[in-house]
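Undergrad: So that we are looking at the same thing, I have put the structure below in structure tokens.
Nothing in this text is a laboratory measurement; each read-out follows from the coordinates by a stated rule. These numbers come from a predicted model, not from an experiment. Don't worry about glycine lacking a Cβ; one is built from the backbone with ideal geometry, like all the others, and counts go over all protein chains shown.
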Amino acid sequence: VVELLDRKLIFVTGKGGVGKTTVAASLALLAAGQGRRTLVCEVDAKGNLADFYETGPTKFEEREIAPNLWAMSMDTEASLRQYLSIQLKLGLMVRVGPLAKMFDFVASAAPGVKEIVTVGKLCWEVRERHYDTVVVDASASGHIVGQLAAPQAINQLVQVGLVRQQTGWMLDILGDPAVTGVVIVATPAEMPVTETLELTARVAAETNVELAAVVVNRVLPELFGRGEEEVFDRLEHPAAVATLDAQLGSPAEPLLDAARLTVTSRRNRTEHLERLRHAIDPAVPMLYVPYLFFRSHGLRATRQVADALSAELGY
Amino acid sequence: MADRSDGRASPPGGPATSIESLLASKEIVIACGSGGVGKTTTAAAAAAMAAVHHGGRVLVVTVDPAKRLANALGLSGFGNEAKRVPVAAFSEAGAKPRGELWVAMLDTKQSWDDLVRRHAPDTDTASRILENPLYQNIAGKFVQSHDYIAMERLYELHSEGRYDLIVVDTPPTRNAVDFIEAPQRMAEFFQSKLLRLLIVPYRSKLVNFASRPFYQIADRILGSQFLADIAEFFILFQTMYGGFVERARAVERLLHDQRTTFVVVSTLEAAPVREAEFFIDVLASKHFHLGALVLNRVLPDYLLDPVAGRAAERLVGAAAADIAASIADSVDADADQVRRVLYEVGDNFRNFRIVAGREAEQRKALASVPDVVATVPEMATDIHDLAGLLLLGARIWN
């Protein structure tokens, strides 16, 4: 298995709300910290990648936001224009004015065009060796397959022409496991695990991109070790609670309730985690990121997740 | 919190004071919010409560295959065709519904096919559209097509008049407002001048002056077969133009109708709250009716109790050894072990108190909230049956 950060193009995806952007931002920070020239690209136009680095808004033109770290936001119209001018060597006429509008229109209507200019731009950055590592905060699990499979789809739809000629090298980059990989982010909960398993199957069946890792985010700590949970159970008996109340000089109930909530939640989440672990190919690394009690999504949280991933990757 | 009420429905015409009165006064409820906040479960719980307490025919439309939800409702599965939740499932949950609960899933491809068959001028055109490679791509894969078809299907279900209340779980969108704008965008798309310009050469065999350079270049880039596929697709689609635009307009009117309301669902994490705020603003600026805000998985209030906070500090502080020693006998364990357990109990409380504090800040950030705000506490286990759904429903009901 290729080391995760040795891959040049890493797509980070997962069900909405699992912390996909946190993981993408952290992986990029980690790669940059290792001295790799790193580009992090936000594909969905939510525009919150910048918050994870506490930096100004990101745009299509990449900007260096930290040493070795550049950030950009995908803009399919801008990408299409760049594509027309660099790849297809078409003049200015096509890129401005009514003709450009026409292309934008076709791009928004014809299937696969938006997807191909997105994936194409990222593959191009890799092919031109502008960066050592490109980390993509990719679309959520519902849409990622369409993007990764866009070159194949275009191959089927477009029989001849320059666009078709362009899909070959993209497929080479996407299909080379030494170069490209997908990271799926999940949390130990029912739907995220179910979607991860479905997505794993679809990525294998419908794309030529390899699954590079599964990141399990927000793993609750284990409160009690061997024998301690029985002691905790007994602490909840009325007599013990009364003693504890007297010792504390205030009700112990909220403290015990909060601990019970953690114990029960963790047990329930462990079941989902086990289901995930059993279904994922053992060769695919699973990386665990602990639940962050600060719940901030600023640079501090990004660093904490990067540290956790770094430890999991054995750095 | 603004959801304290006497639990009875408000007088007709007055603003709703609870989810109960909101559901009693509306025909369509659209649940929206960012991914992973519990929209599907909230929508199903609200619909189940309405079926139990208000009666009538209640339909919940979901976008996920949600096998577990199907099982929870006592069904083996459900598709584009609505299925009724068996009364037995309610009796098992200890509930006696006054009405009926129906469930349907949104199957994008099938809904598009139905739409084409309905609007195509004849069956030949319909099958040519359905066989066009571009159409197959659009209906199956094209991301934005989900947004439109979800609203279109809602219109269809509402106009059939079979249901007293329809609760819709919205599709995961790149942008939370995509789907409410989808009907308008669809109408604009079909009226676009560019679209007409694009298909002129294929209709008249006469490449007009304006589009000739486009075609020469497009041909080089895409090849003429693909261009012909595009043109055929658009030409065929134009035959549905009138029906389609009219339909998109009707869908838009329905979303603005006073019988329709939106319920924004969010957790109190930073990112979903930001999206909820954005959504609330968009609904207001576009004059949609915002009925309620449902805050999901909210940590319990006791975490913010300063007295409990001080007690937690004692369990992790210097006094802990004495406390452990005095309680060791009553829990039949040695003092060191008890001390470790008490430390974890205290530390866990401190950790979650920080999270609860953040949540309280986020709640304040939702400054311009609607009249009805319902809070669902964090639950340690998943909901996997109708009883669980009704329990959750009862939390938001009044």
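Undergrad: Provide a whole-number value for the mean count of partner chain Cβ atoms within 10 Å of the Cβ atoms in peptide B:323-331.
TA: What the average comes to for B:323-331 is 5.
Undergrad: I would also like to ask the following. Once the Cβ-Cβ distance between B:H287 and B:I235 is put in as r, and R0 is 25 Å, what FRET efficiency do you end up with, to the nearest 0.05? Walk me through the numbers on the way to the answer.
TA: Details: r = 36 Å, r/R0 = 1.45.
Computed FRET efficiency for B:H287 and B:I235 comes out at 0.10.
Undergrad: I would also like to ask the following. Between B:E313 and B:L391, what FRET efficiency follows from the Cβ-Cβ distance if R0 is 25 Å, with the result rounded to 0.05?
TA: 0.15
Undergrad: Taking chain B as the reference, fit the longest principal axis to its C-alpha atoms, fit the long axis of helix B:39-53 to the helix C-alpha atoms, and give the angle between the two in degrees, 0 to 90, nearest 10.
TA: Taking the Cα atoms of chain B, the angle to B:39-53 is about 80 degrees.
Undergrad: Explain nothing, just the number: relative contact order of chain B, from Cα pairs under 8 Å at least 6 residues apart, as a whole percent.
TA: Numbers: 623 pairs, mean separation 97.0, N = 398.
Relative contact order comes out at 24 percent.
Undergrad: Residue by residue through segment B:342-355, what is 3J(HN,Hα) from phi via Karplus (6.51 cos²θ - 1.76 cosθ + 1.60, θ = phi - 60°)? Round to whole Hz and write x for glycine and proline.
TA: Residue by residue, segment B:342-355 yields 5, 4, 4, 4, x, 5, 4, 5, 4, 4, 6, 5, 5, 5 Hz.
Undergrad: While we're on this one: How many Cβ atoms of partner chains, on average, are near each residue of A:226-235 if near means within 10 Å of its Cβ? Walk me through the numbers on the way to the answer.
TA: Numbers: counts 0, 4, 6, 1, 5, 11, 7, 1, 7, 8.
Other-chain Cβ atoms within 10 Å of each residue's Cβ, averaged: 5.
Undergrad: Right, another one. Partner chain Cβ atoms within 10 Å, averaged over the residues of A:145-155 - can you pull that number for me?
TA: On the way: counts 1, 5, 1, 0, 1, 1, 0, 0, 3, 2, 0.
Whole-number average of other-chain Cβ neighbours for A:145-155 is 1.
Undergrad: Could you work out how much longer the chain between B:E188 and B:A321 gets when fully extended? Use 0.36 nm per residue separation minus the Cα distance between them, nm to one decimal. Mind dumping the intermediate values first?
TA: Values: separation 133, 0.36 × 133 = 47.88 nm, distance 7.23 nm.
Residue separation times 0.36 nm, minus the Cα-Cα distance, leaves 40.7 nm.
Undergrad: Taking a threshold of 26 Å on the Cα-Cα distance, which of the pairs B:K39/B:K83; A:K59/A:K114; A:K20/A:K114; B:K286/B:K364; A:K59/B:K109; B:K39/B:K364 fall above it? Intermediate results must be reported in sequence, preceding the final value.
TA: Working: B:K39/B:K83 20 Å; A:K59/A:K114 17 Å; A:K20/A:K114 21 Å; B:K286/B:K364 24 Å; A:K59/B:K109 34 Å; B:K39/B:K364 22 Å.
Correct reply: A:K59/B:K109.
Undergrad: In addition: Based on Cβ point charges of +1 for Lys and Arg and -1 for Asp and Glu, what charge dipole magnitude is obtained for the protein assembly as shown about its Cα centre, in debye rounded to the nearest 20?
TA: Numbers: 74 positive and 87 negative charges, 462 e Å.
I would put it at about 2220 debye.
Undergrad: By how many degrees, between 0 and 90 and to the nearest 10, does the Cα long axis of helix A:97-109 differ from the longest principal axis of chain A?
TA: Taking the Cα atoms of chain A, the angle to A:97-109 is about 50 degrees.
Undergrad: I need the phi-derived Karplus couplings for segment B:291-300: 6.51 cos²θ - 1.76 cosθ + 1.60, θ = phi - 60°, integer Hz, Gly and Pro marked x.
TA: x, 7, 10, 10, 9, 9, 6, 7, 5, x
Undergrad: Below 8 Å between Cα atoms, with a sequence gap of 6+, how large is the relative contact order for chain A in percent? Intermediate results must be reported in sequence, preceding the final value.
TA: Working: 488 pairs, mean separation 78.7, N = 315.
Averaging sequence separation for qualifying contacts and normalising by length gives 25 percent for chain A.
Undergrad: Over segment A:173-265, what is the relative contact order in whole percent, taking alpha-carbon pairs under 8 Å and six or more residues apart?
TA: Details: 74 pairs, mean separation 23.5, N = 93.
Across segment A:173-265, relative contact order equals 25 percent.
Undergrad: What FRET efficiency comes out for A:D6 versus B:R98 if R0 is 60 angstrom and r is the Cβ-Cβ distance? Round to the nearest 0.05. Numbers along the way, then the final one.
TA: Values: r = 62 Å, r/R0 = 1.04.
For A:D6 and B:R98, the calculated efficiency is 0.45.
Undergrad: Given a 10 angstrom Cα cut-off, can you work out which residue in B:A367, B:A72, B:A50 is the most mobile in a GNM of chain B?
TA: The residue that fluctuates most here is B:A367.
Undergrad: Where both partners of a DSSP beta bridge lie in chain A, what percent of those bridges are antiparallel, to the nearest 5?
TA: Values: 3 of 32 bridges.
Antiparallel: roughly 10 percent of the beta bridges in chain A.
Undergrad: Let's see if you can work this out: charge +1 on each Lys and Arg Cβ, -1 on each Asp and Glu Cβ, no other charges. What is the dipole magnitude of chain A about its Cα centre, in debye to the nearest 20? Don't skip to the end; give the middle numbers.
TA: Details: 31 positive and 38 negative charges, 213 e Å.
Once rounded to the nearest 20, the dipole reads 1020 debye.
Undergrad: If you don't mind, another one. Going by alpha carbons, how many degrees (0 to 90, nearest 10) lie between the helix axis of B:212-222 and the longest principal axis of chain B?
TA: 60 degrees
Undergrad: Restricting to DSSP H runs of at least four residues, report the calculated mean residue ellipticity at 222 nm for the protein assembly as shown, -39500 (n - 2.57) per run over all residues, nearest 500 deg cm²/dmol. Could the numbers behind the result be given before it?
TA: Working: 32 runs with 392 residues, N = 713.
My calculation for the protein assembly as shown gives -17000 deg cm²/dmol from helical runs alone.
Undergrad: Taking the DSSP beta bridges in chain B as the whole, what percent of them are antiparallel, to the nearest 5? Please list the in-between numbers first.
TA: Values: 2 of 31 bridges.
Around 5 percent antiparallel, to the nearest 5.
Undergrad: Could you order peptides A:251-262, A:140-151 by the average number of other Cβ atoms within 10 Å of their residues, highest first?
TA: Details: A:251-262: 20.8, A:140-151: 23.2.
Result, highest mean Cβ count within 10 Å first: A:140-151, A:251-262.
Undergrad: Now a separate question. Across segment A:49-59, in residue order, what do the Karplus-derived ³J(HN,Hα) couplings come to in whole Hz, using 6.51 cos²θ - 1.76 cosθ + 1.60 with θ = phi - 60° and x for Gly and Pro?
TA: Values, residue by residue: 4, 4, 4, 6, 10, 6, 10, x, x, 8, 10 Hz.
Undergrad: How much of the DSSP bridge set in the protein assembly as shown is antiparallel, in percent, rounded to the nearest 5?
TA: Values: 5 of 63 bridges.
So the antiparallel bridges amount to about 10 percent of the total.
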